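**Student:** Sharing a structure, written as structure tokens. Questions coming.
The values are calculated or read from the model by the stated rules, or taken from the named source; none is laboratory data. Being a predicted model, the structure only gives us computed values, none of them experimental. Ideal geometry is used to build each Cβ from the backbone, glycine not excepted, and the neighbour counts take in all protein chains shown.
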Amino acid sequence: MSAGAIPFPVLVGVLSVMSLVIAPVVRTIERRSWFVRLVRSALDRVSWTYAQVKSSAVGLVYYLLPLGFVIVVSVVTGVNVFGFLLMDWRFAGIVVVTILAELSVNTMSSTVLAVASPGVDWQRVIGQVPWVSGLRDRHPAVAPWVTPTSAFVEELFFRGAVFGVTVTLYPQLGLVLPIALSALLFAVEQAMFCTTRDQAVAMGLGAVAISVVSCCAFAYTGSLLPSVLAHQSFLVFYMGKFKIY
């Protein structure tokens, strides 16, 4: 489908709605009686605790919903978002650069938070974000795979479906606006999973930092692979501070 067939405001509106419904849908499904019954029925088949089964099932919903959106965007726009996972291996060095850049900008964002609000224990704040603290409920066999999988899904949607599709269909916009769109939607989506203002600020700032680096890497290589690996590396490194796995 050509860019002319999809007005830019319409595309932005659809992508925004998709981003904004992720958290409410996940929370709604988590509270449904049929979901609780499904989790309890699974206890007869696995040797996990109720909390381990429930947290993994909720995580599965979080993975599948954005993936479904990616498929819809790919079909409607004619842009194969999954094709962005391919990379010319001449850019292999950019993967390392992207990983280091993402670690660096997130360290800088943490420093900004510490300087702006020195009385706040920001590591404790982030550790209390529901999905972060919920990692402790995961089964030991699953826990190490949670953050890499989340990073993959988030990059596929926010950098692939949002940034990648936008720059592909509307190259005349340049890079600044698509980067800003990707960063804003990702920051808001992350904030919607938080329960306090401090959590939303910390997660939102981190999401913006990740988005800027990831979009720049994507723009340079034409591939999502550097951003996926960088996001995964950052989360594995950072979540290690909480001794979750």
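**Student:** Which members of the range 5-19 meet the condition of being over 12 Å from Pro66 (Cβ atoms) and either under 16 Å from the mean Cα position of the chain (by Cα) or small (Gly, Ala, Ser) (or both)?
**Tutor:** As a first pass, look at the range 5-19 and keep what is over 12 Å from Pro66 (Cβ atoms): 5-14, 16-17.
Once the filter is applied, which keeps residues that are over 12 Å from Pro66 (Cβ atoms) and either under 16 Å from the mean Cα position of the chain (by Cα) or small (Gly, Ala, Ser) (or both), the range 5-19 yields Ala5, Gly13, Ser16, Val17.
**Student:** Kindly indicate the residue of the range 17-28 that is surrounded by fewer than 16 Cβ atoms within 10 Å (Cβ to Cβ) and not basic (Lys, Arg) and also nearest to Leu185 (Cα to Cα) among those meeting that condition.
**Tutor:** Top of the filtered list is Leu20.
**Student:** Separate question: I need the full set of residues from the range 147-170 which are of a type in the set (S, T, N, Q) and over 27 Å from Gly134 (Cα atoms), in order please.
**Tutor:** Within the range 147-170, Thr166, Thr168 qualify.
**Student:** Residue check: is Met1 at pLDDT below 95, assigned to a loop (DSSP other than H, G, I, E, B) and out of contact with any Lys or Arg (no Cβ under 6 Å at 6 or more places or on another chain)? It would help to see each step written out before you state the result.
**Tutor:** Numbers: at pLDDT below 95: yes; assigned to a loop (DSSP other than H, G, I, E, B): yes; out of contact with any Lys or Arg (no Cβ under 6 Å at 6 or more places or on another chain): yes.
For Met1, the condition - at pLDDT below 95, assigned to a loop (DSSP other than H, G, I, E, B) and out of contact with any Lys or Arg (no Cβ under 6 Å at 6 or more places or on another chain) - is met.
**Student:** Inspect all residues belonging to the range 115-137 and state whether any of them is more than 12 Å from the chain's Cα centre (by Cα), under 21 Å from Ser233 (Cα atoms) and of a type in the set (Ser, Thr, Tyr).
**Tutor:** yes
**Student:** Looking only at the range 4-16, which residues are in a helix (DSSP H, G or I) and surrounded by 10 or more Cβ atoms within 10 Å (Cβ to Cβ)?
**Tutor:** Residues of the range 4-16 that are in a helix (DSSP H, G or I), as a first pass: 4-5, 8-16.
The answer is Ala5, Phe8, Val10, Leu11, Val12, Gly13, Val14, Leu15, Ser16.
**Student:** Among the residues of the range 86-99, write down those that are under 22 Å from the mean Cα position of the chain (by Cα), assigned to a helix (DSSP H, G or I) and aliphatic (A, V, I, L, M). Can you show your working first?
**Tutor:** First, the residues of the range 86-99 that are under 22 Å from the mean Cα position of the chain (by Cα): 86-87, 94-99.
Going one step further and asking which of them are assigned to a helix (DSSP H, G or I), we end up with 94-99.
Ile94, Val95, Val96, Val97, Ile99 - these are the residues of the range 86-99 that are under 22 Å from the mean Cα position of the chain (by Cα), assigned to a helix (DSSP H, G or I) and aliphatic (A, V, I, L, M).
**Student:** Report yes if Glu102 is under 23 Å from Gly206 (Cβ atoms), among the acidic types (Asp, Glu) and either in a helix (DSSP H, G or I) or touching a residue at least 40 places away in the same chain (Cβ under 8 Å) (or both), otherwise no.
**Tutor:** Details: under 23 Å from Gly206 (Cβ atoms): yes; among the acidic types (Asp, Glu): yes; either in a helix (DSSP H, G or I) or touching a residue at least 40 places away in the same chain (Cβ under 8 Å) (or both): yes.
So Glu102 passes the test.
**Student:** Could you say which residue among Phe157, Phe82 is buried (at least 18 other Cβ atoms within 10 Å of the Cβ), farther than 20 Å from Ala202 by Cα, within 20 Å of the chain's Cα centre (by Cα) and aromatic (Phe, Trp, Tyr)?
**Tutor:** Values: Phe82 fails: buried (at least 18 other Cβ atoms within 10 Å of the Cβ).
Of Phe157, Phe82, the one residue that is buried (at least 18 other Cβ atoms within 10 Å of the Cβ), farther than 20 Å from Ala202 by Cα, within 20 Å of the chain's Cα centre (by Cα) and aromatic (Phe, Trp, Tyr) is Phe157.
**Student:** Hey, which of the helices (runs of 4 or more DSSP H) in the range 112-214, taking only ones fully inside, have at least 1 residues that are closer than 30 Å to Ala51 by Cβ and among the hydrophobic types (A, V, I, L, M, F, W, C)? Steps first, answer last, please.
**Tutor:** Values: elements: 122-127, 130-133, 143-154, 165-169, 176-191.
Passing ranges, in order: 122-127, 130-133, 143-154, 176-191.
**Student:** Now for a separate question. Return only the number of the condition from (1) surrounded by 15 or more Cβ atoms within 10 Å (Cβ to Cβ); (2) over 20 Å from Pro171 (Cβ atoms); (3) within 22 Å of the chain's Cα centre (by Cα); (4) not aliphatic (A, V, I, L, M) that Phe35 does not satisfy.
**Tutor:** Evaluating Phe35 over (1) surrounded by 15 or more Cβ atoms within 10 Å (Cβ to Cβ); (2) over 20 Å from Pro171 (Cβ atoms); (3) within 22 Å of the chain's Cα centre (by Cα); (4) not aliphatic (A, V, I, L, M) leaves (3) as the failure.
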